[in-house]
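K.L.:
Pasting a structure below so you can have a look.
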Amino acid sequence: MEPEIDYRALFAATPSPYLVLAPDLVIVAVNEAYMRATGRSREELVGQHVFDAFPDNPADPGADGVRNLGASLGRVLATGETDTMAVQKYDIPEPKRPGTFEERWWSPVNTPVMGPDGRVAWIIHRVEDVTAFVQSRRFRGEGGRTTGREEGMEAELYVRSRELQRLNEELRAAHAREREVAVTLQEAMLHSPDLARHSDVAVRYLPAIGSLNVCGDWYDTVDLPDGRFTVAVGDVVGHGLEAATVMGMLRSALSAACRAVTGPASALEVLGMYARSVDGALAATAVTVLVDCRTRLLVYSSAGHPPPVLLHADGTFDLLDKATDPPLGARPEHVPRPQAGTAYRAGDTLLLYTDGLIERRDEDVDTSLDRLTTALADLAALGPERLADALLARLGVAGGARDDIALVIVRL
């Protein structure tokens, strides 16, 4: 058996100074090293807003510690990513001399701790006090005075540090603009007019971590006559604009096929023939389900895609895996695709998804499906929107995964 680890004791004993901040930047925990570094007690710090506990030095007109630290913490909250800051001059109040500040230089790192909802629950603020190093550069030299060379080295170190911070901020701003353009493009490509008419349908799209939101997964909803509609998801191999372009072509083709032919199998047959003429569509997968609200029947067909799940109100489920065929374009000649059907009950939930939701490195697909269905059984009572968010959080992909994720949840 592995020994039980007392993480509270580990935190207290860690030699580097640490603060733990809530999302509102209130201090919720502090370790011994931080108290030694600042000369403050736990009672003086816990419960204080970090900038009330550590304001800028009013005697220093150039003080920018609050502004720089606030910007870094804001980036952590906005992106959910660690932010490493340049060396900062951030003077701190002297506990025994109210109103006076002591010169301090710090090397800070701010790290997010994600909550089950995929949002930042805490921020770990770690600092290293580099004051002695900076001051040694200042005062070292013959007669206790710095040489011109040492002053130049210190000035260069500081300038380079500030320049690095400026360049990082510019890169973040440029990256944010690129993501904004990419998000707008992806939303336009995934726009589904028919989806707006279904308040009982929830959709989610998460790009792969590190991508710019332009990827190859898609979802769609198509309304048909006589109280019927189809839902579909698909997955194009790869990321970036090329995969997104192929995705847009296949998604549009499937939407048209669902309106023009009878049944999901026929629609995927048309899509498969079309995919053979599209560069980059080889090995793309898709699944489409026809929902007949009059007869309470689901009719489905899959082209190499993970099976949809029919979740019952009592937490039991059925995998829609009786009509699975190879991916699009995998066969050189046309072969009719299989199709299957199953009845559903009012209150059941239909789940379609791409493989990024469940697949993990070096894990069998059956294990991945077991994790998915176990989570669904626990969340069966939730409505589509809450179920979508809770499921992503439960599977640990609320902030994205190594692959794209498209998710459609239908309350039947």
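The values are calculated or read from the model by the stated rules, or taken from the named source; none is laboratory data. Only a predicted model underlies this, so the values are computations on that prediction, with no experimental measurement involved. Neighbour counts run over all protein chains shown; Cβ positions are idealised from the backbone, glycine included. Surface areas here come from the heavy atoms of the whole protein model, side chains and all, with no ligands, DNA or RNA. Shrake-Rupley method; radii C 1.70, N 1.55, O 1.52, S 1.80 Å.
K.L.:
Specify which of the listed residues (VAL299, VAL291, VAL287) is open to solvent by 20 Å² or more (accessible area, probe 1.4 Å), assigned to a strand (DSSP E or B) and of a type outside the set (Asp, Glu).
P.N.:
VAL299
K.L.:
Quick check on my filter: what residues within segment 61-104 are part of a helix (DSSP H, G or I) and closer than 30 Å to ALA401 by Cβ?
P.N.:
ALA71, SER72, LEU73, GLY74, ARG75, VAL76, LEU77, ALA78, THR79
K.L.:
Sticking with this one: Tell me the residue from LEU391, LEU369 that is at pLDDT below 95 and either farther than 28 Å from HIS191 by Cα or basic (Lys, Arg) (or both), please.
P.N.:
Only one candidate passes the filter, namely LEU369.
K.L.:
Scan segment 47-59 and give yes if some residue there is within 15 Å of LEU21 (Cβ to Cβ) and in contact with a helix residue (DSSP H, G or I) (Cβ under 6 Å, 6 or more places away or on another chain), otherwise no.
P.N.:
yes
K.L.:
Tell me, yes or no, whether segment 79-94 has at least one residue that is surrounded by fewer than 15 Cβ atoms within 10 Å (Cβ to Cβ), farther than 27 Å from GLU170 by Cβ and modelled with pLDDT under 85.
P.N.:
Scanning segment 79-94, I find no residue that is surrounded by fewer than 15 Cβ atoms within 10 Å (Cβ to Cβ), farther than 27 Å from GLU170 by Cβ and modelled with pLDDT under 85, so the answer is no.
K.L.:
Any chance you could count how many residues in segment 380-390 are open to solvent by 60 Å² or more (accessible area, probe 1.4 Å) and in a helix (DSSP H, G or I)?
P.N.:
Residues meeting the conditions: 3.
K.L.:
Cβ contacts < 9 Å: first residue more than 17 Å from ILE124 (Cα to Cα), restricted to segment 29-44; second residue assigned to a strand (DSSP E or B) and open to solvent by 20 Å² or more (accessible area, probe 1.4 Å), any location; separation 6+ or different chain. Result?
P.N.:
GLY39/PRO93; GLY39/GLU102; ARG40/PRO93
K.L.:
Taking segment 235-280 only, how many residues are touching a strand residue (DSSP E or B) at 6+ places or on another chain (Cβ under 7 Å), on the phi < 0 side of the Ramachandran plot and crowded, with 18+ Cβ neighbours inside 10 Å?
P.N.:
Selection size over segment 235-280: 18.
K.L.:
Could you list all residues from segment 368-379 that are under 23 Å from the mean Cα position of the chain (by Cα) and either among the acidic types (Asp, Glu) or open to solvent by less than 70 Å² (accessible area, probe 1.4 Å) (or both)?
P.N.:
The answer is SER368, LEU369, ASP370, LEU372, THR373, ALA375, LEU376, ASP378, LEU379.
K.L.:
Now a separate question. Tell me, yes or no, whether segment 394-404 has at least one residue that is open to solvent by less than 30 Å² (accessible area, probe 1.4 Å), without any contact (Cβ under 8 Å) to a residue 24 or more places away in the chain and over 22 Å from MET247 (Cβ atoms).
P.N.:
Scanning segment 394-404 turns up no residue that is open to solvent by less than 30 Å² (accessible area, probe 1.4 Å), without any contact (Cβ under 8 Å) to a residue 24 or more places away in the chain and over 22 Å from MET247 (Cβ atoms).
K.L.:
Also, I was wondering about something else. Does any residue in segment 105-125 that is farther than 30 Å from ASP91 by Cβ and in a strand (DSSP E or B) come within less than 8 Å, Cβ to Cβ, of a residue that is at pLDDT below 90 and open to solvent by 20 Å² or more (accessible area, probe 1.4 Å) six or more places away or on a different chain, and which pairs are these?
P.N.:
MET114/GLY80; MET114/ALA398; MET114/GLY399
K.L.:
In segment 54-78, which residues are closer than 13 Å to TRP122 by Cα and open to solvent by 30 Å² or more (accessible area, probe 1.4 Å)?
P.N.:
GLY74, LEU77, ALA78 - these are the residues of segment 54-78 that are closer than 13 Å to TRP122 by Cα and open to solvent by 30 Å² or more (accessible area, probe 1.4 Å).
K.L.:
Now for a separate question. Only one residue in ALA244, ALA253 is in a helix (DSSP H, G or I), farther than 28 Å from ALA375 by Cβ and at pLDDT 90 or above, so which one is that?
P.N.:
ALA253
K.L.:
Further question: Residue check: is ASP318 among the acidic types (Asp, Glu), in contact with a strand residue (DSSP E or B) (Cβ under 8 Å, 6 or more places away or on another chain) and open to solvent by 50 Å² or more (accessible area, probe 1.4 Å)?
P.N.:
yes
K.L.:
Does GLY272 satisfy the criteria of being more than 22 Å from VAL203 (Cα to Cα) and part of a helix (DSSP H, G or I)?
P.N.:
Yes; evaluated as a whole, the condition is true for this residue.
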